Amino acid sequence: MRCDDMRTEVAMWRARETNRDLETTLMEVQLEVNIELAKLLSETIHPAFAGTNGVEIEEEDGHVCGICPQYMEKGEEARGMRVCGHMFHDYCIFEWVKRKPNCPLCRCPIHTNTKH
Ligand SMILES: [Zn+2]
Ligand SMILES: [Zn+2]
């Protein structure tokens, strides 16, 4: 069953049960789906990234990624450590922080204290 069909069916059922019109319940169901999606998306952002900044390379200055190790080229997505300032390709550091919570170069912890 397609996602849209399922939504419509839930909305129709709800409209019947609560004696409201289908338009209202459809909007309600749609909103709930969006909230669920947002939750899923926020989980895909790894908590280890809390200590990093995403940046786009604006100039080629011979900066080498500490992981692959290739030059970071103009327009590439990079990620810098807030603690030590080391920079890596976005896709390189992503794979790294999923496994290890420290900087590949200087081993300083990526996690800043995120608990307030
Ligand atoms: Zn790299
Ligand atoms: Zn470092």
L31-E9 pseudo-label distance in nm [points 7 Å out on the Cα-to-Cβ vector] = 2.4 nm
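May I ask you to give the average projected area over all directions of the convex hull of the Cα atoms of segment 50-97, in nm² rounded to one decimal? Kindly include the intermediate steps, with their values, before the conclusion.
Details: hull surface 11.9 nm².
Directional mean of the projected Cα hull area for segment 50-97 stands at 3.0 nm².
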For segment 59-69, in residue order, the Karplus 3J(HN,Hα) values (coefficients 6.51, -1.76, 1.60; θ = phi - 60°; whole Hz; Gly and Pro = x) are 9, 7, 10, x, 6, 9, 5, x, 10, 7, x
Which value, in Å², gives the accessible area per residue of segment 50-97 when a 1.4 Å probe is used on the protein heavy atoms?
-> 59 Å²
Residue-by-residue Karplus 3J(HN,Hα) for segment 11-21, coefficients 6.51, -1.76, 1.60, Hz, glycine and proline x = 5, 5, 4, 5, 4, 5, 5, 9, 6, 10, 7
For I110, distant residues with modelled amide H under 5 Å away = N102, C103
Taking amide hydrogens as modeled 1.01 Å from N in the peptide plane, which residues meet the under 5 Å criterion relative to E76, leaving out close sequence neighbours?
-> I57
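The values are calculated or read from the model by the stated rules, or taken from the named source; none is laboratory data. In this text, all values refer to a predicted model and were calculated from it rather than measured experimentally. No Cβ is skipped: glycine too gets one built from the backbone with ideal geometry, and neighbour counts run over all protein chains shown. Ligands, DNA and RNA are excluded from the accessible area calculation, which covers all protein heavy atoms including side chains. Shrake-Rupley method; radii C 1.70, N 1.55, O 1.52, S 1.80 Å.
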